Each structure stands twice: as C-alpha cells, then as structure tokens.
Amino acid sequence: MKASMDARSKPDSWSYSSMVTLYSSTANVLGAEGILNEMVEAGFKPNIFVLTSLIRCYGKVGRTDDVVRSFGMLQDLGIIPDDRFCGCLLSVAVNTPAEELGKVISCIETSNAQLGAVVKLLLDRSSSPESFREAASELLGSSRGVVKMPYCNCLMDLCVNLNQIDKACVLLDAAQQLGIYTNIQTRTQTQWSLHLRGLSVGAALTTLHVWINDLYTSLQSSGEGLPPLLGIHTGQGKNTYTDRGLAVMFEAHLKELDAPFHEAPDKAG
C-alpha cells in the first residue's frame, strides 16, 4: 500500500490503526510503536482505538509507566475515554504488580469515576463486602450491556489476586442477580455441572468456590447423597483472559486442592 502510485491505495488512519492492533495483540511493542510513529509522520493522529491497543500491549509486557504515558496522550488529544478503553485499563490493572497498581488505578479514576470508586473499595481491606457489592451493583446496573461481563471478570480477577475472596463472591452473586452470568450451575438427577466458558480465571475460581460451598450446604440441609457425576465445563484452547487456557489453569488448581476431578477422555474441555 505504501509503495502504490495510486493515492487511493495509500494507508489511511484505519490501516495504521489495524496494524497497531495486530502488533499489540502479540505484545510486539517495537512493532506497535514503529507503526504509531509512521502513522504520525503520515499526518494521522492516533485515535482511541490505537491508544487502547497500545495500552493493552504495554500492559501485557508490564510497562506500567508507558501505560500512564499513553493515557496522557489520550488527554492531550482531547479524546474522551469510552467503556472499551476503561475495560482495557481494568484488564491491565489485573496484571499490574501491587507496587505499581496505584498508577493504573489513577488512570481508571480519571476515565470513569464510578469504576474507579469501585476498584478503590475493592482494594480497601477495611471496606465491607456489602458496601463493595452495593457500589459494584450500581456500576454494573448503569453500564452498557457489552461491558458488564468484562468488568465483572476483571474485578473478580483483582479480588482473587488480592486475596479478597469474600468480595469476589458477593460480586458474583450480584452479577447473577443482574442476569450477567446465567446458567453457570445446572443440576439433573444424574449430574451437577459447573459451566465456566467465557469466564476469566478469577471469575472461574470464584464460581468454583461458591459451587463447593453450595454442594456442602445442599448435603447438610437435605441429607441426600451427591449425584453419580460432578462435571466442570471449561472449554478447550485459549481463553480471552489467559493465553494458557482455562482448562490448563483449572486442572492445576484442582490438583492443588486434591479434588477428585479428572479430564473427561471423550469430552475435550
């Protein structure tokens, strides 16, 4: 495209934006930065899609200061953060070391005050799970449908990373009440199952924790035995939230718990 003599075939803003996204998806920082420089030299200003991709790229390789610098570019260009951008910052926060987390939280607060307040409640160990649930429910209730589940997944990841399992559990319950997660538990006479496809690692671990407690409560209250089969459906292959795949992560966790689960030989995932 760059070599074409026809002006109509030259790269435009969307061409450069797509290339930055491609490089960022594989955490190729040099490639993403190179395309961004070419884009500016060609007379195009980076848009919110470019900066979202760039921040995700820096987040993947742990370059927190570059995340903050890129956020500053957004402000300098007068671009208003959207839900997708805020979700990107939240996903970056999940993988940010505790000592640098405050830098990303500051960016989240500036982008979306309500989301920032929920994250700060999550981080505050003196705040109660009930107050966190109330604030998170208000946030999710007012958020657009497409970001509700990503927000929940990332917030539960943060809870699990920071050993705030009580807050993760109340968030999961709130999300189910709002219809964000549906049918994650099913029961028949022969099988009780957990359905974790589409969940992040933290959300999946929280769901397992709640499920085990539900199994225990059910046995204590009814006195009935367990069904012949307990099943956990993770799906197979890569997961949106982890390159390793949810099945691999879950298998390792179940072994740590010494839980009597094994991979179904006839049903991958």
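Each reported figure results from applying straightforward, stated rules to the coordinates on display, with no laboratory input. Not measured: the values here are computed from a predicted model. Positions of Cβ are backbone-derived with ideal geometry, glycine not excepted, and every protein chain shown enters the neighbour counts.
For the chain, modelled as a GNM with alpha-carbon contacts under 10 angstrom, which of GLY231, GLY43, GLY59 fluctuates the most?
GLY43
In whole angstrom, and with the biggest value first, how far do the Cα coordinates of the chain range along each principal axis?
Each principal axis gives a Cα extent; for the chain these are 77, 46, 31 Å.
Give me the three principal axis extents of segment 1-122 from the C-alpha atoms, as integers in angstrom, largest value leading.
Over segment 1-122, Cα extents along the principal axes are 57, 26, 18 Å.
Can you give me the Cα centroid spacing of segment 41-115 and segment 162-229 in angstrom?
Answer, in whole Å: 33.
Compute a Gaussian network model of the chain, connecting alpha carbons closer than 10 Å, and tell me which residue from THR52, THR21, THR186 fluctuates the most.
THR186
In terms of Cα to Cα distance under 16 Å, which lysines are near enough to LYS2, apart from those fewer than 8 places away along the same chain?
LYS10
Would you mind checking which residues have amide H under 5 Å from GLY231's amide H? H placed 1.01 Å from N; only 5 or more apart, or other chain.
Hits under the 5 Å cutoff: TRP192, SER193, LEU194.
Quote the relative contact order of segment 80-224 in percent (integer), defining contacts as alpha-carbon pairs under 8 Å separated by 6+ residues.
Once divided by the residue count of segment 80-224, the mean separation gives 20 percent.
In µm²/s, what is D for segment 140-269 at 25 °C and 0.890 mPa s, where D = kT/(6 pi eta Rh) by Stokes-Einstein and Rh is the Kirkwood radius from Cα pairs?
158 µm²/s
Report the percentage of all Cα-Cα pairs in segment 185-256 whose separation exceeds 15 Å, rounded to a whole percent. Mind showing how you got there, number by number?
Numbers: 1436 of 2556 pairs.
Result for the distance tail: 56 percent.
Choose one answer from ILE79, ILE232, ILE180: the residue with the largest mean-square fluctuation in a GNM of the chain with alpha-carbon springs under 10 Å.
For the chain, modelled as a Gaussian network with Cα springs under 10 Å, the answer is ILE79.
What dipole magnitude, in Debye to the nearest 20, does the chain give about its Cα centre under +1 on Lys/Arg Cβ and -1 on Asp/Glu Cβ?
Approximately 520 debye in magnitude.
Counting only C-alpha contacts under 8 Å and six or more residues apart, can you give the relative contact order of segment 1-111 as a whole percent? Let's see the in-between values first.
Values: 116 pairs, mean separation 23.5, N = 111.
In percent, rounded to a whole number, it is 21.
If you rank GLU38, GLU130 by fewest surrounding Cβ atoms within 10 Å, what's the result?
GLU130, GLU38
Over the chain, calculate the relative contact order: mean separation of alpha carbon pairs under 8 Å at least 6 apart, over the residue count, as a percent.
10 percent
Treating cross-link reach as a plain straight distance, find the lysines whose alpha-carbon is under 20 Å from the alpha-carbon of LYS60, omitting any fewer than eight places away in the same chain.
Filter leaves LYS103, LYS238.
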